[in-house]
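Where a number appears in this text, it was derived from the coordinates with a stated rule and is not lab data. As the structure is a computational prediction, the values presented were derived from the model and not from experiment. Here the Cβ positions follow ideal geometry from the backbone for every residue, glycine too, while neighbour counts run over all protein chains shown.
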Amino acid sequence: MAEPDHAVIDLPRGKDKWFSARTKLALGYVFAGACLVWVFHDFHPGRFLSDFKSIDPRWVALAVVFDVASYVVQGLRWQLLLRPINRISLLSTTRAIYVGLFANEVLPLRFGEFVRGYLAARWLSSKFVSVIPSMGIERLFDGIWLAVGIGLTAVFVPLPRDIAKAADALGFIILLATGLLLYVVFRKQGKPSESIEETTDKRSGWFRRFLVEPILGGLRSAGRTRGFYLAFALSLVFLVCQALSFWSVMWSYGMRRSFWVGFVVLLILHLGTAIPNAPANIGSYQFFVVAGLSLFGVEKTYAAGFSVMAFIVLTIPLWAIGLLALSGSGTTLKAIQNDLRGWKQAEGPFE
């Protein structure tokens, strides 16, 4: 099926990079391998099978319901943030999110973020760069609520010193990012002193005209709508659903810890897997779950078994729904990869 050109960003060839894509990929796999070795070097399969047989299926079902609900809420939030560009249905945004999640499971380096942006741009009949602000705002909202959540958690659960320091650093970064967003949204636009065409640096002029200005314009447009504030509130609902899902898996495994302990472990997991690495975050997922639970006195072998259980429960439904969403999207991951590869190799700006 032929793909429309409007969903692809055309960027100049990047010649000066510290790491090639292959180097990043290799480092991701090395890191994943090292994590798996650390998590499972004293793993006891017999004990895991015994614990697995005692799992409560009711809590598993509840975990899956909360997990699916969280991505529907994310779809609604994204729909609101995309409204300044054009109207798009909740089904379409949720489908794009699930296709992106599925792509993250089978492809390295979190390629799914590009995939979901590509699909949204295609269905909106817009340029890829126009959807970037909405995804950036999503991440900022998530960060704000994570920082607030950590503050509330500290009231109910004594946080380890390292977590408290990390929370302070996260709060500072989020505060800075929020200030920058508010500045971009509410500052008055002055008249440019010279046109982009007259700039002496053609490359920086292209970058400003076709990437920076569309992104800043998108942030201003999204930030001045009522949907922007509703999306901020929905970000709390999204985070709560994710936390309830993870906590439900803990209880299904017989790990009767408080909701706040589950929330902190989920935060550690989110922060640890934010860096692009191996497909499905294999290795790093297990490592950060075990590391987070260890901070609260959970035995490493027991925590390793739980990390496998959580991965299975929260990944298999994602694969199933993501594959179904991809089959109904009218394209394939290979076709999307080819289009995005064409963006990287293109010499001229996109129109």
Q) So what J values fall out for the range 78-87 if you push phi through Karplus, 6.51 cos²θ - 1.76 cosθ + 1.60 with θ = phi - 60°, rounded to Hz, Gly and Pro as x? A) 5, 4, 5, 6, 8, 4, x, 7, 5, 7
Q) Taking H as built 1.01 Å from N, whose amide H comes closer than 5 Å to the amide H of ARG110, not counting residues under 5 places away? A) ASN277
Q.
Using the basic label-point model (7 angstrom from Cα toward the beta carbon), what is the THR225 to VAL30 distance in nanometres?
A. 4.4 nm
Q. Between LEU90 and TRP38, how many nm apart are label points set 7 Å from Cα along the C-beta direction?
A. 4.1 nm
Q. If you average the sequence gap of Cα pairs under 8 Å that are 6 or more apart and divide by the length of the range 19-98, what percent do you get for the contact order?
A. 21 percent
Q.
In whole Hz and in residue order, list the ³J(HN,Hα) couplings for the range 309-320 that follow from phi through the Karplus curve 6.51 cos²θ - 1.76 cosθ + 1.60, θ = phi - 60°; x for Gly and Pro.
A. 4, 4, 4, 5, 4, 8, 9, 4, x, 5, 4, 5
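Which FRET efficiency, nearest 0.05, do ASP56 and ALA154 yield, Cβ-Cβ r, R0 35 Å? Mind dumping the intermediate values first?
Working: r = 30 Å, r/R0 = 0.85.
The pair ASP56/ALA154 has a calculated efficiency of 0.75.
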(Q) Give me a comma-separated list of calculated 3J(HN,Hα) values for the range 54-63, in order, Karplus coefficients 6.51, -1.76, 1.60 applied at θ = phi - 60°, integers in Hz, x for any Gly or Pro. (A) 8, 5, 8, x, 5, 5, 5, 4, 5, 4
Q: Output the pairs from LYS53/LYS300; LYS127/LYS334; LYS24/LYS334 with a Cα-Cα distance over 27 Å in this structure; if there are none, say none.
A: none
